[in-house]
Amino acid sequence: MTRKSIILLILGLLLLIIPFCFANYSPLRLIILAIAIFLITLSLIFLKKKNIFLIILTPITLICLSYAVDTFMFYKFNRIPLFVVEIKSSDSISTYNSFFYRIFNCNNSLILDYGYKKNYACNSEDLNAIDVNTFLSEINENYEENKGKFVKISGKISKLSGVESIELSSYTSVKDSLNGYVNFNNNYVLRAHVNEDLSSYRIYDNITVIGRITSKDNEDGVTIINLEDVKLIPSDIYESYTYEIINSSDTTLTNLVSEQNFYLYGISDFNVLYDNNTTYELSYLITDLRITLDNLIGNVSGTNMYDETNTLVAKAYELPDFNALVCENGKKILANKNFELGINLCNE
């Protein structure tokens, strides 16, 4: 070997080791590794007897070995690899993308995603929510700024497509609207691609979507931003509610939901009021199976009501905002608290 070859080889080997001595992500580590492989390959060129096959094979072998060592260091010591590109979604959330895998850095906790199969894997609270109206108001700028990043968008569902996608559009509120109704601006859409059962969701529902921005399309004049690796977070506004009841003096039973055998007695309107002043008709919620008889009654104990033959006909429940009569024949009656409940109502 010539003196020049020896110097280049020693320098290359030293530089080959240095990137593996650091644990933090830095493009400089990969640059140093590339320089090291170049110097080692160059040292072979200055040999007196050049071997073209060796000159070609050496960098390929060194790259493969470095990649194997890099992967081993991650598995064994949980160190951030060299052969990755970092995309920061927030101060505490980033992803390291490599050839065959991705690593989620969730507040310095590393989660391996081999084959890019996982959806968003970090804590939902580690990303700040952006209102869909704010995000879509500057759709081009926000797309360019956040492409490849995970974003957390809160809004209302404007469209559902089976088990394939869920869409959020910008919207304007409607005064005194019922069942979450708003006016959508369908010219700008956020489309989250999913692979899960969406049967529990409805258009106009509040929802938060976390996903990675991948592309922007234009379909018939509609600008669409696509999200992949999506995590859906149902809104917590539906977890607690109060009742909005308008009583009447009408003593006849009024059908509320015929399919479920629900009736009103001395009540003209029965609505459910969620947080942020979102009002839903009780009939809508019962039809969608979002509220059941058990939800309405809760843990209140009922009073058994018998006929003259001592046969159980119904159970009466005294609740804070209304009373309920649950008949053995399946009829369910929600009643004005000022009205007396009798078993005769079960046969009307």
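The values are calculated or read from the model by the stated rules, or taken from the named source; none is laboratory data. In this text, all values refer to a predicted model and were calculated from it rather than measured experimentally. Positions of Cβ are generated from backbone atoms using ideal geometry, with glycine treated the same way; all protein chains shown enter the neighbour counts. Surface areas here come from the heavy atoms of the whole protein model, side chains and all, with no ligands, DNA or RNA. Shrake-Rupley method; radii C 1.70, N 1.55, O 1.52, S 1.80 Å.
Okay, here's what the table says:
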quantity	calculated
Whole-Hz couplings from phi, Karplus 6.51/-1.76/1.60, listed for segment 337-345; x for Gly and Pro	5, 8, 9, 7, 9, x, 5, 4, 5
Reach of Lys4 by Cα under 29 Å, taken over lysines that are not fewer than 8 positions away in the same chain	Lys48, Lys49, Lys50
Cross-link table Lys159/Lys331; Lys88/Lys156; Lys152/Lys175; Lys117/Lys216; Lys175/Lys216; Lys156/Lys315, entries beyond 30 Å C-alpha to C-alpha	Lys159/Lys331; Lys175/Lys216; Lys156/Lys315
Scattering profile of the chain at q = 0.07, 0.10, 0.15 Å⁻¹ [log10 I(q)/I(0), Debye over alpha-carbon scatterers]	-0.53, -0.80, -1.15
Top positive-direction residue, dipole computed over the chain with Cβ charges, set Leu127, Ile31, Thr242	Ile31
Rounded to the nearest 10 Å², the accessible area of Glu348 at probe 1.4 Å	120
Within the accessible area of the chain (1.4 Å probe), percent carbon and sulfur	53
Axial C-alpha extent at least 18 Å, average Kyte-Doolittle at least 1.0 - helices from the chain (DSSP)	3-17, 27-45, 52-77
Protein-only accessible surface order, largest first, of Lys50, Lys152, Lys175, Lys88 at 1.4 Å	Lys175, Lys50, Lys88, Lys152
Solvent accessible area, Å² - Asp294, 1.4 Å probe, full protein context	120
Proximal lysines to Lys118, defined as alpha-carbon separation beneath 16 angstrom and excluding residues fewer than eight positions away on the same chain	Lys149, Lys231
For peptides 110-116, 256-262, sequence by mean Cβ density within 10 Å, most packed first	256-262, 110-116
Electrostatic dipole magnitude of segment 201-337 [Cβ: Lys, Arg +1; Asp, Glu -1; Cα centre; debye, to 20]	180
Rounded accessible area per residue of the chain, 1.4 Å, Å²	55
